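Single-structure report; data block below.
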Amino acid sequence: MTVRIYVPKDACAIACGADEVVEAIQAAALARKQPVEIIRTGSRGMLWLEPLVEVATPEGRIAYGPVEEGDVAGLFDTGFLAGGAHALRIGRPEEHPFMAKQTRLTFARCGIVDPTSYTDYVAHGGYKGLERALALGPVGIIEEVKKSGLRGRGGAGFPTAIKWKTVADARDDRKYIVCNADEGDSGTFADRMIMEGDPFELIEGMTIAGIAVGATKGYVYTRSEYPHAIAAMEKAIEVARQHGMLGINIAGSTHSFDMEVRMGAGAYVCGEETALLDSLEGGRGTVRAKPPLPAHKGLFQKPTVINNVLSLTAVPHILADGGEFYANFGMGRSRGTMPIQIAGNVKHGGLFETAFGITLGELINDIGGGTASGRPVKAAQVGGPLGAYVPTWQFDLPFDYEAFAAKDALIGHGGIVVFDESADMVKMARFAMEFCSVESCGKCTPCRIGSTRGVEVIDRIVAGERREKNLEVLKDLCQTMKLGSLCALGGFTPYPVLSALTHFPEEFGDTPRRLEAAE
Ligand SMILES: Cc1cc2nc3c(=O)[nH]c(=O)nc-3n(C[C@H](O)[C@H](O)[C@H](O)COP(=O)(O)O)c2cc1C
Ligand code: SF4
C-alpha cells in the first residue's frame, strides 16, 4: 500500500536539508520496494524541528523532526511509515504544545495542504470567503471588514476598512490592489511562509479586496531573496486562472480580477508604501510626500489599496466566518489574531498565531523556551529594526498596539528578536543609526544626515568624549528625527536608540571603549 509522506518545501525547511531528506526517503523506499507518495507542503512553523517529516497513518499524521538525511534509513528500520517509535518522533503535530496553544486562522492550512493544489485548498475551506463576498457585494464586504476591526498588519495598524472605503469611493477608470510582501523587518517571515505554504489564501484575499473597491488588477510586490515564495505564488496564480478564479468573470460572476508578482531588489525602504509604488512603476524607491494618499493617487496615479500579506490573508476568514467572529478575538482596539514570529537567540523559534493580548513573557519564555544559548534573556526587539528594545522587566506587556505605544514600543509586523545577557546595547543603538544611514532613501535631511551624525555621536559617547554633552546631542538629534522625518524610517529609528539608552544607561557608561560593528 502506498504511504503518504509530507515534507515541507518551505525555504527554511529547504535550508535545513528538506530536499536531501526527500531524496533519501525516495531512495530508501525504492530499495525496500515500499511505494510512497511524497507531498511537499508549507511549514507548520515549528522551525527548530525542520525538516519536519509527517507520515499519514490511520491515527492521523505522525511527525518526526528534525530529520537529517542520515536519519532516514533508521526511520524506515523502526517502522516510521506506520508511525512507529523513534527518538525523533514528535507525535501528532497539532497536539504539540507549540501548536496546541495557538489560534490558527490565517495559518490554519499552512503545513497541511499542498500549496499549489486547488482541490486541497477548496477541501480545507478555501474560497468560502469569496463565495460570501460575491453574495454580499462591495458595500457588504467593506461593512464585514469594518465589523472585524481588522488593522493593517504591515506595521502602522491602520484600519483596513477605512482604506478600502476611500478607494471604493474614488472615481477613476482604473484602480489597483497592491500587496506589500516586501517583508523587510528583521525577524519576520510570516509573509514568506504564507506565500510558500498557502498562496491561494493571498489570491483569495486580494480578489475580495478587488471586488470591494472596484479594482481589476493586483500586484504582489516582494523581494528577490524570496525565490521559493515567488515560484509558489506564480504557480498558484496560474492554477487559479485555470479554475476561473482569476481573470474575466471570476467564479462565473460579473467581476473580473487578475494579478501578477513583481520582484524588488530588496531595499528596506521599498517596503514603505509610496517607495514601493515608485519601485513597482520601475523607478528608484523613494518616499513620496503625502497627500495625495495612495488611496487617491497611488500606482500610476490611480486609486490604490496597499495592504500587507497578513492583512489580505485575514480577509477570506473574516468573510467566511463573519466580521463579528473575527472581532471576538483580541483585546482593546487590537482585534483578531496576529501571526507572531519568534526569532533571534531563542530555543523554540517559529510562527505562533494567537489572539492579541498574549504577553511578551509568555511568548519568549513559555512558548519560545527562553534563549537558545541557555543564558538569561536580556531584551527583545519587537517590530523590526525600528522597534524598541523591550527589557525583561517589561515582559508583562500584552501584544496590543496601544499597550506597546504607551511604552514607546511598536508591534510592527509581529517580529520578536530575542537577545541574551551578552548583547551589547550600545552596539545595538549604534546599529539602528547605521542601518538607517544605509537604508535611507535620502529624501529628507533628518534621516539622511541625522542617522550618520547619530553614528558619530554614539562613537564619541563610548570613546568618553564629552560624554554628558554628547548624550544631550544624541537625545536632541533623536527628537529632530522623530519630528522632522518624512517617513517612519527616519521617524522611528530613535526608538531602538532611545530604548537602549533608557533601559540600559549603565552601558553608555563612563569607561571609554571602542565599538566593533554589531554582528
Ligand atoms: C521603512 C518602512 C518599511 C516598511 N516595510 C514594510 C514591509 O516590508 N511590509 C509591509 O507590509 N509594510 C511595510 N511598511 C508599512 C507600509 O508603508 C504600509 O503601512 C503598509 O504596507 C500598509 O499595509 P497594511 O495597512 O495592511 O499594514 C514599511 C514602512 C516603512 C516606513
Ligand atoms: S525618513 Fe529617510 S527614508 Fe523616509 S523619506 Fe526621509 S530620507 Fe527617505
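Please treat every number below as a calculation from the coordinates, not as lab data. Because the structure is a prediction, the values reported are computed rather than measured. Note: ideal-geometry Cβ built from the backbone for every residue, glycine included; neighbour counts use all protein chains shown.
Equivalent-ellipsoid semi-axes for segment 113-225 (Cα gyration tensor, √(5λ), whole Å, largest first): 23, 19, 14. Taken along the Cα-to-beta-carbon direction at a fixed 7 Å, the label points for residue 123 and residue 256 span 3.4 nm.
Each part gets one Cα centre, and for segment 316-389 versus segment 10-24 those centres are 27 Å apart. Projecting label points 7 angstrom from Cα along Cα→Cβ for residue 38 and residue 327 puts them 4.8 nm apart. Within segment 460-489, name every residue whose backbone N is under 20 Å away from a label modeled 7 Å from Cα of residue 506 along the Cβ vector. It comes to 462-464, 468, nothing else. Scaled against the 2.2 N^0.38 Å expected of a compact globular protein of N residues, the Cα radius of gyration of segment 1-100 reads 0.96. In terms of other Cβ atoms within 10 Å, 54, 204, 59, 131 run from fewest to most in the order 59, 131, 54, 204. Just so you know, the Rg over Rh for the chain is 0.99, from Cα atoms, with Rh as the Kirkwood radius.
Is the C-alpha gyration tensor of segment 282-385 telling us rounded, prolate or oblate? Criteria: a/c under 1.5 is rounded; beyond that, a/b larger than b/c is prolate, otherwise oblate. Oblate is the answer for segment 282-385, as a/c is 1.5 or above yet b/c matches or exceeds a/b. Using only the Cα atoms of segment 325-456, each taken as one equal point scatterer with no solvent, compute I(q) by the Debye sum, divide by I(0), and report log10 of the ratio at q = 0.16, 0.20 Å⁻¹. Here log10 of I(q) over I(0) equals -0.83, -1.11. List the pairs from 163/217; 101/482; 9/146; 9/347; 297/443 whose alpha-carbon separation is above 29 Å, in the order I gave them. Cα-Cα > 29 Å for 101/482; 9/146; rest within.
The charge dipole of the chain, taken about its Cα centre with unit charges on the Cβ of Lys, Arg, Asp and Glu (plus for the first two, minus for the last two), comes to roughly 1320 debye. Sorted ascending by nearby beta carbons within 10 Å, beginning with the fewest, 425, 206, 193 become 425, 206, 193. At q = 0.11, 0.28 Å⁻¹, what is the log10 ratio I(q)/I(0) for segment 100-176, with the Debye formula run over Cα points and no solvent? Results for segment 100-176 at q = 0.11, 0.28 Å⁻¹ read -0.42, -1.20.
Each of 268, 121, 401 was scored by other Cβ atoms within 10 Å of its Cβ. Listed from fewest to most, they are 401, 268, 121.
With a sphere of radius 15 Å drawn around the Cβ of residue 331, what net charge do the other residues whose Cβ falls strictly inside it have (Lys, Arg +1; Asp, Glu -1)? Here the count lands on -1. Of 193, 497, 422, whose Cα points farthest to the positive end of the dipole of the chain (charges on the beta-carbon: +1 Lys, Arg; -1 Asp, Glu; origin at the Cα centre)? Toward the positive end, the furthest listed residue is 497.
Kirkwood Rh, Cα Rg: Rg to Rh for segment 409-501? Rg/Rh: 0.97. Between the C-alpha center of segment 206-257 and that of segment 46-83 there is a gap of 35 Å.
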